[in-house]
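The values are calculated or read from the model by the stated rules, or taken from the named source; none is laboratory data. In this text the structure is predicted, and so the values were computed from the model without any measurement. Counting neighbours? That spans all protein chains shown, and the Cβs are built from the backbone with ideal geometry, glycine included.
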Amino acid sequence: MFRKVLIANRGEIALRIQRACRDLGVATVAVHSTADTDSMHVRLADESVCIGPPASRDSYLNKAALLTAASIADVDAIHPGLGFLSENAGFAAMVEEHGFTFIGPTPEHIAMMGDKITAKRAAKEAGVPVVPGTDGPVQSDGEAIRLAHEIGFPVLIKAAGGGGGKGMQLAQRPEELERALSMAKREAQANFGNDAVYLERYLYRPRHIEVQILADNHGNVVHLGERDCSLQRRYQKVVEEAPSPALTPEQRASIGEIAANAVRRIGYRGVGTMEFLYTGGEFFFIEMNTRIQVEHPITEAITGIDLVREQIRVAAGEPLGYSQSDIRFSGHAIECRVNAEHARTFVPSPGRVTGYHPPGGIGVRIDSHLYDGCMVPPHYDSMVSKLIVHGRDRDMCRQRLQRALGEYVIAGIETNLDLHRRIVTAPDFAAGDYDIHWLERWMAEQD
Ligand code: MV4
């Protein structure tokens, strides 16, 4: 096991990783910008290093500063957390070149999944069902028009370098294709420095279901079931739950096995998530994430497995020590992402927290770096807390979530807590009856 780990992140995920390290007897080094000097992740670390000014590109994204901090602090490994450099293949390679272990997959696997075309190809070759579409980038307008007719309209144009919705263009009819293509290519070039785009059939009102995978260096792979992440606004997840209310145990076992087998074939190591769109009883792979995800705690709640601990253990070369038949799913979990933002406009609301009272009681977990009197800086993601609730079944989980949301007080800044209070009591949510467009549709109806 590692002696000391540098955590190249901030906020709740930095705390989450510190806790896993502490449980493993591993010392932690925090890094922080000058805006985060008084942040909780700095206070709770064994050591801390200031790596630069507030702007992310000068601090949490500054590879040289992070590697210098790692050298000075004499760590064995670097945990990238999520966001920032967590899916940057170049950074992972640099970490290894400097003699540290990158807590994550190989740079090659990060690069493979970072390019959505190579990711889809790898998944397909490994036996995973993918969204019908082109097998690679489209080379010309003529080819795109021909392939679009084979795929069938409407078609969605996606950027190879994309993900998270950036650079997507919908063409409802053949006449719209040429314009949509040029817009997609221009956006892709501007955002990712790569104008490669591919086509997919546009799926109507799917759910977003993702399968959690855990793999060691010795060929052991397990799946930890799925999360339903359909409740989102502008490609930002708002509420996630596990298991998905849409799946049967047989469907879960089937897609889980398909995902686990694919990961084994690819030779992937670490935690990973295969993202699917689910409609009409069928799964269609879209992307794979190579990091620990924000919503990992709901999987921890229903499996009892500490995903970050396991991620660190497998990065240190330890075997999993259990197999798929040892994994048991128990009850239901829901996560609410609490953001510092204005209720009506969704504009970020940084500032000083003048009062803080987190909920508690059975089945309630809070992952947050907030404390009474802390500052929420304007430079970073607006997510300030995750409320994770577990219950023996979905109704009990929802009941406890409603209770916990009723107790939660965050004063001094605006938050989306009221939005969460309304979502949990919405009849469609209570029934588990929603798709990826439901939240935006429902919010529009509320006004
Ligand atoms: C799609 C789709 C429908 N059909 N692909 C949006 C983000 C990117 N990661 C994939 N996305 C989508 N891909 C096909 N072929 C609809 C979406 C989509 C979406 C997906 C997951 C979660 C929320 C979403 C919201 C709007 C659109």
With the first residue restricted to segment 196-222 and required to be closer than 19 Å to residue 120 by Cβ, and the second required to be near the ligand (Cβ under 9 Å from one of its atoms) and among the basic types (Lys, Arg), Cβ contacts under 8 Å at 6 or more apart or on different chains are 197/158; 198/116; 198/158; 199/158; 200/158
Answer yes or no as to whether residue 110 is outside any helix (DSSP H, G or I), within 19 Å of residue 315 (Cβ to Cβ) and in contact (Cβ under 8 Å) with a residue 12 or more places away in the chain. no
Please determine whether any residue of segment 322-343 is of a type outside the set (Lys, Arg), out of contact with any Pro (no Cβ under 6 Å at 6 or more places or on another chain) and at pLDDT below 95. yes
Looking only at segment 212-241, which residues are within 14 Å of the ligand (Cβ to nearest atom) and either β-branched (Val, Ile, Thr) or not assigned by TED's automatic domain parsing to the domain that holds residue 327 (or both)? 238, 239
Hits in segment 222-237 (condition: within 13 Å of residue 429 (Cβ to Cβ) and either modelled with pLDDT under 95 or surrounded by fewer than 19 Cβ atoms within 10 Å (Cβ to Cβ) (or both)): none
What number goes with the only condition from (1) free of Cβ contacts under 8 Å to residues at least 12 places away in the same chain; (2) at positive phi; (3) not polar (S, T, N, Q) that residue 179 does not pass? (2)
Looking at segment 403-447 only, could you name the residues that are farther than 24 Å from residue 244 by Cβ, surrounded by 16 or more Cβ atoms within 10 Å (Cβ to Cβ) and hydrophobic (A, V, I, L, M, F, W, C)? 410, 413, 417
Listing of strands (runs of 3 or more DSSP E) fully contained in segment 115-213 that carry 1 or more residues being aromatic (Phe, Trp, Tyr): 197-201
Do we have residue 71 as buried (at least 19 other Cβ atoms within 10 Å of the Cβ), outside the structural domain of residue 271 (by TED's automatic domain parsing) and not basic (Lys, Arg) here? no
Do we have any residue at all in segment 176-194 that's under 24 Å from residue 263 (Cβ atoms) and either buried (at least 21 other Cβ atoms within 10 Å of the Cβ) or away from the ligand (no atom under 14 Å from the Cβ) (or both)? no
Please specify each residue of segment 173-190 satisfying the condition of being of a type in the set (Gly, Ala, Ser) and touching a strand residue (DSSP E or B) at 6+ places or on another chain (Cβ under 8 Å). 180, 184, 188
Please enumerate the residues belonging to segment 135-167 that are over 20 Å from residue 279 (Cα atoms) and surrounded by 20 or more Cβ atoms within 10 Å (Cβ to Cβ). 138, 144, 148, 159, 160, 161, 162, 167
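Out of 287, 282, I need the residue that is surrounded by fewer than 24 Cβ atoms within 10 Å (Cβ to Cβ) and within 13 Å of the chain's Cα centre (by Cα). Which one?
On the way: 282 fails: within 13 Å of the chain's Cα centre (by Cα).
Result of the check over 287, 282: 287.
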